[in-house]
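Working notes, structure below.
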Amino acid sequence: MSHINSSMTIRTFQKYIFSWWKLNKRDLPWRHTHDPYKIFISEIMLQQTQVERVIAKYHEFLSRFPRATILAQAPLSGVLIAWKGLGYNRRALFARKAAVEIVKQYDGVFPRNPTQLMKLPGIGVYTSKAICVFAYQMDLPLVDTNIRKIITHFFYNDVIQNEKEIEKKALELLPKGKSWEWHQALMDFGALELPSLVPKTARGKGKIPFKDTNRFIRGKIIDVLREGSFPENELLVILSDLTKRDEETLVKNLQSLIKEGLVSIRNGKYGLGT
């Protein structure tokens, strides 16, 4: 079945997705737990990072920081070292900050309310709902990029809709009492089947090459500082060689990382944030 129009019944669509999932489901480690902390870590890691890269780091990270209380007590430098290989290092900063607040405000127990979860650092609308769905199995509609594409493809003939309309349709499609299974099925379908169904676009056309972005520079700075602390002149020489950027650009990115708390200066040396 390559396409379903808007006249198709919700029940038929649910049956179609679940039938496909029965034959194609992925065995992912975070699907073997309902621990909200572990679900939280997996969701933070999966933001803008491929599943294959996350799997190994997920196990490694949780072996070092198995509970929110342990993550909250860990120095940021240690958390950033454990985060190596995942990129988007601010996620590690937010994960630790959220753990600190979980311990401080909720005695280490994740709240079961999306609104309360959204008040925590780095947790937005989607992640708050994901924790409630995958940890607490609540009947809430989740809409990530792929789920939005699935709904747009099958019910709106690939015509882009506004967020309110997609959310409304997602809620209509949600089989009550099966939120956990439904969203896992949609995510697998979106990752494995959808690319062959959705019309090809000029995706990526006109994008700036990764090596020309500030994110590339920031990542290199963190990578170098994972190995130790360096005085500014020595650090700039290393970074200049790695990134081929001028001193002004490097200093600007260093200052940005210091402002965010990812990098600090101690005894005249740059190092990972405390």
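The values are calculated or read from the model by the stated rules, or taken from the named source; none is laboratory data. Since the structure is predicted, the reported quantities are computational estimates derived from the model, not experimental observations. Heavy atoms of the whole protein, side chains included, go into the accessibility calculation; ligands, DNA and RNA do not. Shrake-Rupley method; radii C 1.70, N 1.55, O 1.52, S 1.80 Å.
Translational diffusion of the chain was estimated from the Stokes-Einstein equation, with Rh taken as the Kirkwood radius over Cα pairs; at 20 °C and 1.002 mPa s the coefficient is 103 µm²/s.
From helices alone, the chain scores -18000 deg cm²/dmol at 222 nm; the rule is -39500 (n - 2.57) for each run of n ≥ 4 DSSP H residues, then divide by the residue total.
State, as an integer percentage, the relative contact order of the chain based on alpha-carbon contacts under 8 Å between residues 6 or more apart. Here the relative contact order equals 19 percent. Listed by chain and number, the aspartates and glutamates whose alpha-carbon sits under 18 Å from that of LYS22, ignoring those within fewer than 8 places in the same chain, are GLU181, ASP188, GLU193. A straight Cα-to-Cα reach below 16 Å connects LYS104 with the lysines LYS119, residues fewer than 8 places away in its own chain not being considered.
The angle between the Cα long axis of helix 247-260 and the longest principal axis of the Cα atoms of the chain comes to about 70 degrees, rounded to the nearest 10. Taking all protein chains into account, the per residue accessible area for segment 1-82 stands at 54 Å² (1.4 Å probe).
For the Cα atoms of the chain, what angle does the longest principal axis make with the long axis of helix 36-46, in degrees from 0 to 90, nearest 10? It is inclined by approximately 80 degrees. VAL103 exposes around 50 Å² of accessible area when a 1.4 Å probe is run over every protein chain in place. The overall shape of segment 153-274 is prolate: from the C-alpha gyration tensor, with semi-axes ordered a ≥ b ≥ c, the ratio a/c is 1.5 or greater and a/b exceeds b/c. Helix 232-243 and the longest principal axis of the Cα set of the chain meet at an angle near 40°.
Taking all protein chains as shown and a probe of 1.4 angstrom, THR145 keeps an accessible surface of around 80 Å². Calculated accessible area for segment 94-187 comes out at 47 Å² per residue, all protein chains present (probe 1.4 Å; ligands, DNA, RNA ignored).
In summary, the lysines within cross-link reach of LYS244, defined as a Cα separation below 26 angstrom excluding same-chain residues under 8 places away, comprise LYS84, LYS205, LYS207, LYS211, LYS220, LYS252, LYS259, LYS269. Measuring nothing but protein heavy atoms, the accessible surface of the chain at 1.4 Å probe radius is 52 percent carbon and sulfur.
Starting from the residue with the highest accessible area, list PHE94, PHE61 in decreasing order, probe 1.4 Å. Show your work: numbers first, answer last.
Details: PHE94 80, PHE61 0 Å².
Final ranking, largest accessible area leading: PHE94, PHE61.
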